[in-house]
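For reference, the structure is listed below as structure tokens.
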């Protein structure tokens, strides 16, 4: 008998602890904190890049190659660690990887040049890659389908909040103590989070603080969706034959590179446009806050449409269409000359991107059964990583070799960044649908 089921009539567990009402949202909150810390760690380099480029005489192509080191580790790690999380469980998997990336984040302060920075970033990317597959798996275990988009939006919004906090934390430390300490302090946050995670996270059937009502709700939803056969991890070759898998991959591969451009290149972009980074901290901050709002908008809008009677598939795709059109607003930035207009266009674009991204993140749990969710989420992350590696290589090359004034060195990049997610939207509409595989029980019905 599980701990969660051993409740007394007074509503207390055998262990003597009162159940926590709406415990699943506390779990989502812990995943949210993990994502914040994850993003603060990875944002540290991009915020320090304008200073490190001068100190180590890096070109934009050099910087792109360091970022690619992170993306190679992240891309490989998403698929490998996603599969690992499906096998060893969310609690153990995320404990191991957060411990590892916290060590690597702090150890980056020991870097001495291009190759050591690239090595540390590759290690960081590998360890950090488990966050999204593990969090997506936790959402699929703890939340009924009607709440998954909002729960995913909640934890995913940590990326925007982390990106918004990072300039104040990292640059504040940099101007006071230098860049090495700027890597150490964010790295310490992961160890504090681990204490909370180990204390609070267990699967629903094993959690000592879950209420009888909440556990029954989770079980009822799982029973409603459970197929006749056992829920076993699907082989990769089976998953890769399904159009739904490729739809989920495309949703990330053609949108995430745009977000990572904002996250990793925006400070350098602003400097290229002639703005001082010290005087542009709010401009760096605003697109991340806009993305945070977009996360919640995407999740809430989708949930609202479902409550209005829309099918799950139609509700998800409506938000995808909104996001695909909205990201086109990156293109007018090539004509913008004021900091306020650039910031506004980036904010609207990241709001739209984040709405799309929320649905992209929830597709694995919408489409696949629990034992395959982290695997598919890992595959989507690998696709996003490959897309980002290609994008960063091209960004470094074209920004270094643009035969224009520095203020226009990113113009072609901005046009492509606006168009690619729109193409991703069209492919998602084509690939993510009910097929004969749905009737065979290989994927869930939308």
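The values are calculated or read from the model by the stated rules, or taken from the named source; none is laboratory data. It should be emphasised that the depicted structure is a prediction, and the values quoted were computed from it without experimental measurement. Glycine also receives a Cβ, built like all others from the backbone with ideal geometry; neighbour counts cover every protein chain displayed.
Residues that are in contact with a helix residue (DSSP H, G or I) (Cβ under 6 Å, 6 or more places away or on another chain) and more than 23 Å from residue 50 (Cβ to Cβ) are absent from segment 165-174 altogether. Look at (1) within 19 Å of residue 157 (Cβ to Cβ); (2) touching a residue at least 60 places away in the same chain (Cβ under 8 Å); (3) surrounded by fewer than 24 Cβ atoms within 10 Å (Cβ to Cβ) and you find that residue 343 fails only one, number (1). Of the residues screened, residue 76 is one that is surrounded by fewer than 23 Cβ atoms within 10 Å (Cβ to Cβ), within 16 Å of the chain's Cα centre (by Cα) and within 27 Å of residue 361 (Cβ to Cβ). Entry remark, segment 196-213: residues being over 23 Å from residue 136 (Cβ atoms) and out of contact with any strand residue (DSSP E or B) (no Cβ under 8 Å at 6 or more places or on another chain) number 1 in total.
Considering only residues in segment 423-446 that are surrounded by 14 or more Cβ atoms within 10 Å (Cβ to Cβ) and under 21 Å from the mean Cα position of the chain (by Cα), the one that is nearest to residue 241 (Cα to Cα) turns out to be 432.
Checking every residue in segment 116-128 against the condition of being assigned to a helix (DSSP H, G or I), out of contact with any strand residue (DSSP E or B) (no Cβ under 7 Å at 6 or more places or on another chain), over 26 Å from residue 383 (Cβ atoms) and at pLDDT 90 or above gives at least one match.
Reported count of residues in segment 79-121, each being surrounded by fewer than 21 Cβ atoms within 10 Å (Cβ to Cβ) and under 30 Å from residue 141 (Cα atoms), is 12. Tallying residues that are farther than 22 Å from residue 431 by Cα, under 16 Å from the mean Cα position of the chain (by Cα) and crowded, with 22+ Cβ neighbours inside 10 Å within segment 274-324 yields 7.
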